[in-house]
Amino acid sequence: MVEWHKATVAEIHDETATARSLRLKIDDWPGQLSGQHLDIRVTAPDGYQASREYSIASGASTDPDALVEVSIEELADGELSPYLVRGVEVGDMLEVRGPVGGYFVWRPEQTDPVQLIAGGSGVVPLMSMLRTHAAAGHPTPMRLLYSVRAPEFVFYMHELMQLAQNSNDSVMLDYAYTRQTPDGWPRSAGRLTRDEVVQLTLPPEQNPMTYICGPNSFVENIAMWMVDLGHPAERVRTERFGGA
Ligand SMILES: Cc1cc2nc3c(=O)[nH]c(=O)nc-3n(C[C@H](O)[C@H](O)[C@H](O)COP(=O)(O)OP(=O)(O)OC[C@H]3O[C@@H](n4cnc5c(N)ncnc54)[C@H](O)[C@@H]3O)c2cc1C
């Protein structure tokens, strides 16, 4: 059985008005691959415990002393995320179990082009892949299609821009805003359509490995379209965060 590790909240920063990143110092942490997640457990003073899964945003690492970043979006009616986003302070202790997952991972040894598709906070494990790609100075094309409510809900905005700028054109970013766009944006706000997915993703002829992450219905629709467009099902990997 995977054991629980003590984790100290070492750093906190806001990603958006409703989400923040926690950097954790986790005792005896074995490191992680890009795309893996961990479980966070919180114990109330009366002994009540709750745990939830969170993807790891930090790049791949084997350094047990490296801080491990998670980025959490608050669900207003949720049990744990409001506490993790607004209640936790630097120095607080949590418990963490993991890393978990071996399928939804990208390793720098992979040389095929990569298509990443995120819905909302589903960008978190994909950010880990982009960070690992950047740290390795990887020449493989990595394209991110990021569906997000509005510009102010974009996670990692400046870092994403810098990763693309410093990537020698190997990283491409496409944003699809669902509710509100920046001024003068060429695409109107709305959910991604199948035709847009054709235009904004690497074609099957390039044989990309595709990683899709976000709410259940987003992942199901986009994965169905990708397979329908000719991507082999085994090259379309998915991670579902829950919700509608
Ligand atoms: C493998 C995995 C990785 C995850 N990684 C992240 C991450 O990096 N960042 C992050 O913010 N969340 C992530 N989640 C979601 C997270 O585990 C929790 O479900 C989320 O924080 C809500 O927990 P809660 O206790 O606040 O809400 P709960 O009290 O558990 O649920 C409240 C309601 O919200 C719904 N709901 C749960 N998740 C979502 C969602 N993502 N979107 C819309 N509705 C939802 C539930 O179905 C329920 O009806 C991940 C989930 C999985 C399975």
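Structure values in brief
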| read-out | value |
| --- | --- |
| Close pairs (9 angstrom Cβ cut-off, 6 or more residues apart or separate chains): in contact (Cβ under 8 Å) with a residue 60 or more places away in the chain in segment 135-158, loosely packed, with under 15 Cβ neighbours inside 10 Å anywhere | Pro141/Asp169; Pro141/Gln206; Ser147/Arg191; Glu152/Ala17; Glu152/Gln180; Phe153/Ala17; Phe153/Arg179 |
| Residues (of a type outside the set (Val, Ile, Thr), open to solvent by 10 Å² or more (accessible area, probe 1.4 Å), under 23 Å from Val198 (Cα atoms) and touching a Lys or Arg at 6+ places or on another chain (Cβ under 9 Å)) located in segment 148-173 | Arg149, Met172, Leu173 |
| Test: residue in segment 78-91 that is in a strand (DSSP E or B) and modelled with pLDDT of 95 or more | no |
| Count of segment 1-25 residues which are open to solvent by less than 50 Å² (accessible area, probe 1.4 Å) and touching a helix residue (DSSP H, G or I) at 6+ places or on another chain (Cβ under 8 Å) | 5 |
| Selection status of Tyr103, of a type in the set (Ser, Thr, Tyr) and either more than 17 Å from Leu24 (Cβ to Cβ) or more than 10 Å from the ligand (Cβ to nearest atom) (or both) | yes |
| Qualifying residue in segment 69-88 (condition: open to solvent by 30 Å² or more (accessible area, probe 1.4 Å) and away from the ligand (no atom under 12 Å from the Cβ)) | no |
| Residue that is farthest from the ligand (Cβ to nearest atom) [pool: residues in segment 226-244 that are open to solvent by 70 Å² or more (accessible area, probe 1.4 Å) and in a loop (DSSP other than H, G, I, E, B)] | Ala244 |
| Residue pairs meeting the criteria (Cβ under 7 Å; at least 6 apart or on separate chains; first in contact (Cβ under 8 Å) with a residue 60 or more places away in the chain and in the same structural domain as Glu15 (by TED's automatic domain parsing), in segment 72-88; second near the ligand (Cβ under 8 Å from one of its atoms) and among the β-branched types (Val, Ile, Thr)) | Leu84/Ile72; Val85/Ile72 |
| Residue selected from segment 44-68 under the condition of a type in the set (Ser, Thr, Tyr) and open to solvent by less than 70 Å² (accessible area, probe 1.4 Å), by the criterion farthest from the ligand (Cβ to nearest atom) | Ser61 |
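The values are calculated or read from the model by the stated rules, or taken from the named source; none is laboratory data. Quick caveat, the model's predicted, so the values are computed rather than measured. Cβ atoms come from the backbone with ideal geometry, glycine included; neighbour counts cover every protein chain shown. For accessibility, only protein heavy atoms count, side chains too; no ligands or nucleic acids. Shrake-Rupley method; radii C 1.70, N 1.55, O 1.52, S 1.80 Å.
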